[in-house]
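This report concerns only the one structure given below.
Only the coordinates and a few stated rules stand behind these numbers; no lab work does. These numbers come from a predicted model, not from an experiment. Because the Cβ atoms are built from the backbone with ideal geometry, glycine has one as well, and the counts that use them run over all protein chains shown.
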Amino acid sequence: MHTATRPADAARLRADYYERIGERHMTPLWEVLGALVPPQPRPPVVPHLWRYAEVRDQVMEAGRLISAEEAERRVLILENPALRGQSCITQSLYAGLQLIMPGEVAPAHRHTQSALRLVLDGEGAYTAVDGERTTMRRGDFIITPAWTWHDHGNLGEQPVVWLDGLDIPIVRFLDAGFAERSEQHSQQPLRPEGDALARYGANMVPLDYQPRPADPTRVFVYPFERTRASLVGISHGTPDAHHGFKLRYVNPATGASPMPTMGAFAQRLPAGFETRPVRSTDGTVHVCLEGGGEVRIGETDWRFQENDVFVVPSWQALQLRADRDAVLFSFSDRPVQQALGLWREERL
Ligand code: 1HN
């Protein structure tokens, strides 16, 4: 005879079953499938904007609380408000504001995490990468690829602040992190300043240089002066409706991103120009270098000005409007997603 199971009995049977399989460290897929494979990205990350004018004093305060030496790196991490305690700005990226005071050195070390810097405030500091120094000037984009020795110093009279971007969460996810301190406090220069740019950054490379496709570039500084000149140089005709005048930083020897885990971009929006909304799967950190305007991320609007940093989560629509001619820098995990065939963009 057919006996129908009442819903209450079915629920009890299931709960009991889940309990018993749980003891063997198993769990039913059907309870989590929708969350595991959502119809579209639903990042836990929220949009956020850090106003430099509001945080600058607190960044400077760190300079009175701890030395660069003691801290190793004196940085205020920009934590996504929805991911507090996780030291990340998106699920795949870390960002922070680093301060170095006059006379200080941030000692030489290396790690498998890749880092990028965008210089924001003050002058007189340098970064050394594998034996070559570069003077840090506002807007300069500087990279320290995985496992390269790097230290910073401030030979000037002003505090210097830059934005750090690292692939820390990616490396942590892969459990592939290694790090070591150098015996040399600051690296002995092996080559004069400008050597890498002359060898690798002038549309030429040394005769015997044969980079592999995923090798990071030997060009470890992209001076803002050059970036800006390129953005101004392409600012004729109509800007792209979704991006304005936008360029991507590359490894000039391969055309790939400067480092394999992070892509970086620079864009110029003429005064009065408003972009159409666009969304992409790479959650992105933006910095305003010049000018200002308004940004809409999903449903939220903010005004932005110089040195403000904002984060756009994966698959949330971004719209920008410039009040004054604006220049923005941005970075994301796009090259990782592209290498895996995951990256998508939708122009709305
Ligand atoms: C690092 O090496 C730097 O070299 C900055 O300036 C931030 C955050 C975590 C791990 C290493 C730097 C960092 C970092």
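Remarks
- Rounded to 10°, Cα long-axis angle of helix 7-23 versus longest principal axis of the chain: 50 degrees
- Helix 52-65 axis, angle to the chain major axis (alpha carbon atoms, nearest 10°): 80 degrees
- For segment 241-284, the normalised intensity computed at q = 0.14, 0.16, 0.23 Å⁻¹ comes to -0.43, -0.55, -0.90 (log10 of I(q)/I(0), Debye sum over alpha carbons, equal scatterers, no solvent).
- Added length on full extension, which subtracts the Cα-Cα distance from 0.36 nm per residue, D195 to E23: 55.7 nm
- Exposed loop sites, defined as GluC sites (Glu not before Pro) outside DSSP H, G, I, E and B with at most 16 other Cβ atoms within 10 Å, are absent from the longest region of the chain, namely 194-298.
- Candidates V105, H236, A53 compared by Cα position along the dipole of the chain: farthest toward the positive end lies H236, with charges placed on Cβ.
- Span from the segment 248-267 Cα centroid across to the segment 62-127 one, whole angstrom: 22 Å
- Potential extension, R347-T112 segment - 0.36 nm per residue separation minus Cα distance: 81.1 nm
- Taken along the Cα-to-beta-carbon direction at a fixed 7 Å, the label points for W302 and V205 span 3.8 nm.
- With the convex hull of the Cα atoms taken as the outline of the chain, the averaged projected area works out to 24.1 nm².
- Cα-based helix-to-principal-axis angle, 224-233 vs the chain, degrees rounded to 10: 80 degrees
- Farthest toward positive dipole pole in the chain [+1 Lys/Arg, -1 Asp/Glu at C-beta], among P44, Y249, G96: P44
- Förster-model FRET efficiency, 25 Å R0, D16 and R42, C-beta, rounded to 0.05: 0.20
- Applying 0.36 nm per residue to the separation of I66 and L174 and subtracting their alpha-carbon distance, the gain on full extension is 35.7 nm.
- Of the two radii for segment 190-348, the radius of gyration is 1.00 times the Kirkwood radius, both from the alpha carbons; that is the Rg over Rh value.
- In Hz, Karplus ³J(HN,Hα) per residue of segment 69-83 (6.51, -1.76, 1.60; θ = phi - 60°; x = Gly, Pro): 4, 5, 6, 6, 9, 8, 9, 9, 6, 8, 9, 4, x, 8, 10
- With the gyration tensor restricted to C-alpha atoms of segment 259-348, the semi-axes of the equivalent ellipsoid amount to 23, 14, 10 Å, longest first.
- What the Kirkwood sum gives for segment 51-90 is a hydrodynamic radius of 11.4 Å, with every pair of different alpha carbons counted.
- Rounded to the nearest whole Hz, the Karplus-based 3J(HN,Hα) values (6.51 cos²θ - 1.76 cosθ + 1.60, θ = phi - 60°) of segment 33-50 follow the sequence 3, x, 6, 6, 10, x, x, 8, x, 10, x, x, 5, 10, x, 7, 10, 9, with x at glycine and proline.
- Inverting the pair-averaged 1/r between distinct Cα atoms of segment 292-339 gives 12.0 Å as its Kirkwood hydrodynamic radius.
- Of the Cα atoms belonging to segment 1-133, the radius of gyration and Dmax stand at 25.4, 89 Å.
- Computed label-point distance, nm, for sites E294 and A8 using a 7 Å Cα→Cβ extension: 5.7 nm
- Once exposed loop chymotrypsin sites (Phe, Trp or Tyr not before Pro) are cut out (DSSP; at most 12 other Cβ, 10 Å), longest piece of the chain: 1-177
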